[in-house]
Amino acid sequence: MNLLFDVKSAKIYTSASQQIRVLSEGWVLREIYCPSCGDAVNNYDNNRPVADFYCKKCIEDFELKSKKGKIGKKVSAGAYGQMIKRINSPQKPNFFFMGYLENLSVNDFFVVPKHFFISSIIEQRKPLAKTARRAGWIGSNILFSKIPKAGQIFYIENGKEISKSDVLEKWQKTAFLKQITKSNAKGWILDIMNCIDNLNKREFTLTEIYSFENALRVVHPDNKNIKPKIRQQLQFLRDKGYLEFVGDGIYKLK
Ligand SMILES: [Zn+2]
């Protein structure tokens, strides 16, 4: 994979933002494959603002968000209201995230499958001040800390390329989440995946997951049976091959 943007392709543009759009999109078309099937991605023409790219075979859409510098903990995502509407619509795209360096090379690139997108990962920014040109406008950020690690599938991590087989395998591993359409059920599973990530180890006990009981109660105040709910999610994740139940209250990530 060539990590450098093709600088000459953007010479005809004078605005910096337009140049970066052309360079980053050109790079994706040249280097990035569909994480579901491995085929090339295609771009939509600019008059059809559905998404930026699509895979002909899988009918998957992809939208690109890029930023200069390290990708960090969040990326800005445009108007808050529009973003929420977008991720709750049946046509929501998968998202590509790119961090590029000063020398116009890609440092980080990953895809977040659309089934990981729920409202709670979108942060609402403060409305712009009265003195601003777009006074009152409310922007948004996408918070990577709220997306389980399994939902951040890297092609390039800190300048290092990840093998294609790893990318395709990681995509398939959580494809089961697509079938969960109710937002409350989806929220619970993603919360438990995040709790497991927070433990930061491959093998863990039920007691360790129970230590998140209070934190989960804050997020789900209507639920009076947090522990059974936790067990239900663990069972579900085991049935889907995400976890393995070793016995004696011990679980292992697959
Ligand atoms: Zn595909």
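The set of residues in region 228-249 being open to solvent by less than 80 Å² (accessible area, probe 1.4 Å) and among the basic types (Lys, Arg) consists of 229 alone. Among the conditions (1) in a strand (DSSP E or B); (2) open to solvent by 10 Å² or more (accessible area, probe 1.4 Å); (3) among the polar types (S, T, N, Q), the only one that residue 91 does not satisfy is (1).
With (1) at pLDDT below 95; (2) exposed (fewer than 15 other Cβ atoms within 10 Å of the Cβ); (3) out of contact with any strand residue (DSSP E or B) (no Cβ under 9 Å at 6 or more places or on another chain) as the list, and residue 165 as the residue in question, which single condition is left unmet? The failed condition is (1).
When each of 158, 88 is tested for being polar (S, T, N, Q) and over 25 Å from residue 233 (Cα atoms), the lone residue that passes is 158. Looking across 51, 40, 16, one residue alone is open to solvent by 30 Å² or more (accessible area, probe 1.4 Å) and either within 15 Å of the ligand (Cβ to nearest atom) or under 22 Å from residue 152 (Cα atoms) (or both). It is 40. Candidates 25, 60: the one that is more than 9 Å from the ligand (Cβ to nearest atom) and surrounded by 13 or more Cβ atoms within 10 Å (Cβ to Cβ) is 25. Among the residues here, residue 6 does not qualify as charged (D, E, K, R), within 16 Å of the ligand (Cβ to nearest atom), open to solvent by less than 80 Å² (accessible area, probe 1.4 Å) and under 22 Å from residue 108 (Cα atoms).
The values are calculated or read from the model by the stated rules, or taken from the named source; none is laboratory data. Quick caveat, the model's predicted, so the values are computed rather than measured. Note that each Cβ is placed from the backbone with ideal geometry, even for glycine, and that neighbours are counted across all protein chains shown. Ligands, DNA and RNA are stripped out before the accessible areas are found, and what is left, the full protein with its side chains, is counted by its heavy atoms. Shrake-Rupley method; radii C 1.70, N 1.55, O 1.52, S 1.80 Å.
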